[in-house]
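A short write-up of the structure that comes next.
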Amino acid sequence: MADGNSETKSSNQMWGGRFASGPDAIMEEINASIGFDKKLYAQDIRGSIAHATMLAHQGIISADDKDKIVHGLNTILSEIESGSFEFSRRLEDIHMNIEARLATLIGPAAGRLHTARSRNDQVALDFRLWVKEELQRTEKALTALIAAFLDRAEEHADTVMPGFTHLQTAQPVTFGHHCMAYVEMFGRDRSRVRHAIEHMDESPIGAAALAGTGFPIDRHMTAKALGFAGPTRNSIDTVSDRDFALEFLSMASITATHLSRLAEEIVIWSTPQFGFIRLSDAFSTGSSIMPQKKNPDAAELVRAKTGRINGSLIALLTVMKGLPLAYSKDMQEDKEQVFDSAESLELAIAAMTGMVRDMTIRSDRMKAAAGSGYSTATDLADWLVREAGLPFRDAHHVTGRAVALAEQKGCDLADLSLADLQSIYADITEKVFDVLTVEASVASRTSFGGTAPNEVRKQIAWWRARN
Ligand code: ARG
């Protein structure tokens, strides 16, 4: 609308041949994507240089025109990067903004760049390149987060804490083991990132509008120049496919969901009631009215960003679900979802990495909590199976009675006397007290992947070799 009436009346310079007048102002507003797809300028220019170079190599355009095109595109790149480029909404999107500027800079040779391609394969290329680079950044960010957890896990391989199910004290575990649960989660996220990169590693350029082209292009050459493993194999699929964006968003949603669960734990752990951790000043905020408060805002915002990211996945799935092959303009709505999610995810991973590295672990509080809530009841039951030969179900019952007695006396299991225990089951001996401490409980869980400190150290070593 800022362009004014006279401009909206003149027909578009890219397809004006068939049009007597320009678009209505509202048409221009709903149609334009330059407001957000200008983010793709570097990919668009890189793609155009590869395309022009291939066209010249194949004798489709002259070497002289190719040189002018490449020079002009490089000029545009520096104009955009220095902030002097004037983007125009009348030119709709990044592709036409760049091409129009190229025409001003180099004249008629600019008109040859669009030979044997369409904006349909062009946008598929640009966006793929962008998403691929974003995935590479995500892979690095996740590696840093995993490294932060490995360090904390190593430091706290022996620190006992209560393990929870239903957020009720279940069995003692170590904080190192708990940290390694997140290493597994973010490790899976990272392998999803790597798979997504592999899946999308094919070049769309040369699919043209949807049917390919009669010009003798070399799609293998452009694919190689742009760092893809090869060209896509079906031109119709190529211009209608947004799986790479959907895979990015699904990976982002699952990763954000993991971050959100961690955020929730950080919120809970940092309450005075739990007091398992203290967040650093760098990753918390104060209250303007209550001087005593230290709020886990960063964790809360990570938790909230998950809503945005999950929303983007659903939004793009919904955009795509009814589209017939091949390209439809609906697909222009893919970019904002991905850009917004990418920004949110990068920030969330970075904030989490900072919080995990900086937080103080209050081992004393964790240990005290680990011993309460009858957390070693399973150890008593296991002892009865092992030492007294009871079937597990009977041992469970006997232990339940011991817990009820302790509850009635207001003490922990380990504080019951031998006589108390023998009143419930006569064959219990003094030796039972060896398994009722949290340290003994944790040390006994030596099954592969279990919480015993030595097991956890093995898993840390396994991950260190792969991170
Ligand atoms: N701005 C468009 C998009 O993002 C570029 C492709 C336009 N293609 C077309 N046939 N109108 O999808």
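Structure data summary
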quantity: Qualifying residues in region 34-49 (those that are surrounded by fewer than 22 Cβ atoms within 10 Å (Cβ to Cβ) and small (Gly, Ala, Ser)) - the one farthest from the ligand (Cβ to nearest atom); calculated: Ala42
quantity: Residue among Ala109, Ala124 that alone is over 29 Å from the mean Cα position of the chain (by Cα) and of a type in the set (A, V, I, L, M); calculated: Ala109
quantity: Contacts under 8 angstrom Cβ, first residue in region 15-39 being under 28 Å from Arg128 (Cβ atoms), partner exposed (fewer than 14 other Cβ atoms within 10 Å of the Cβ), 6 or more apart; calculated: Glu28/Met1; Glu29/Met1; Asn31/Lys329
quantity: Region 414-444, subset within 21 Å of Thr159 (Cα to Cα) and free of Cβ contacts under 8 Å to residues at least 40 places away in the same chain, residue farthest from the chain's Cα centre (by Cα); calculated: Phe433
quantity: Only listed residue being at positive phi and either within 16 Å of the ligand (Cβ to nearest atom) or surrounded by fewer than 22 Cβ atoms within 10 Å (Cβ to Cβ) (or both), chosen from Gly322, Gly354, Gly373; calculated: Gly373
quantity: Any hit, region 15-25, residues being away from the ligand (no atom under 13 Å from the Cβ), at pLDDT below 80 and surrounded by 14 or more Cβ atoms within 10 Å (Cβ to Cβ); calculated: yes
quantity: Residue in region 62-80 that is within 16 Å of the ligand (Cβ to nearest atom), modelled with pLDDT of 95 or more, within 30 Å of Ser328 (Cα to Cα) and in a helix (DSSP H, G or I) present; calculated: no
quantity: Number of the exception - Ser444 against (1) closer than 25 Å to Gly275 by Cα; (2) in contact with an Asp or Glu (Cβ under 9 Å, 6 or more places away or on another chain); calculated: (1)
quantity: Number of the condition not met by Phe215 [criteria: (1) assigned to a helix (DSSP H, G or I); (2) in contact with a helix residue (DSSP H, G or I) (Cβ under 9 Å, 6 or more places away or on another chain); (3) surrounded by fewer than 18 Cβ atoms within 10 Å (Cβ to Cβ)]; calculated: (1)
quantity: Filter result for Ala388 (more than 18 Å from Thr437 (Cα to Cα), touching a Phe, Trp or Tyr at 6+ places or on another chain (Cβ under 8 Å) and of a type in the set (A, V, I, L, M, F, W, C)); calculated: yes
quantity: Residue in region 163-188 that is surrounded by the fewest Cβ atoms within 10 Å (Cβ to Cβ), counting only those that are among the aromatic types (Phe, Trp, Tyr) and under 14 Å from Glu265 (Cα atoms); calculated: Phe164
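Okay, residues lined up against (1) in a helix (DSSP H, G or I); (2) within 16 Å of the ligand (Cβ to nearest atom); (3) not aromatic (Phe, Trp, Tyr):
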| site | (1), (2), (3) |
| --- | --- |
| Leu102 | yes, no, yes |
| Leu105 | yes, no, yes |
| Ala116 | no, yes, yes |
| Phe127 | yes, yes, no |
| Glu139 | yes, no, yes |
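The values are calculated or read from the model by the stated rules, or taken from the named source; none is laboratory data. Predicted model only: the values in this text are computed from it and were never measured. All Cβ positions, even for glycine, are placed from backbone atoms using ideal geometry, and neighbour counts span all protein chains on display.
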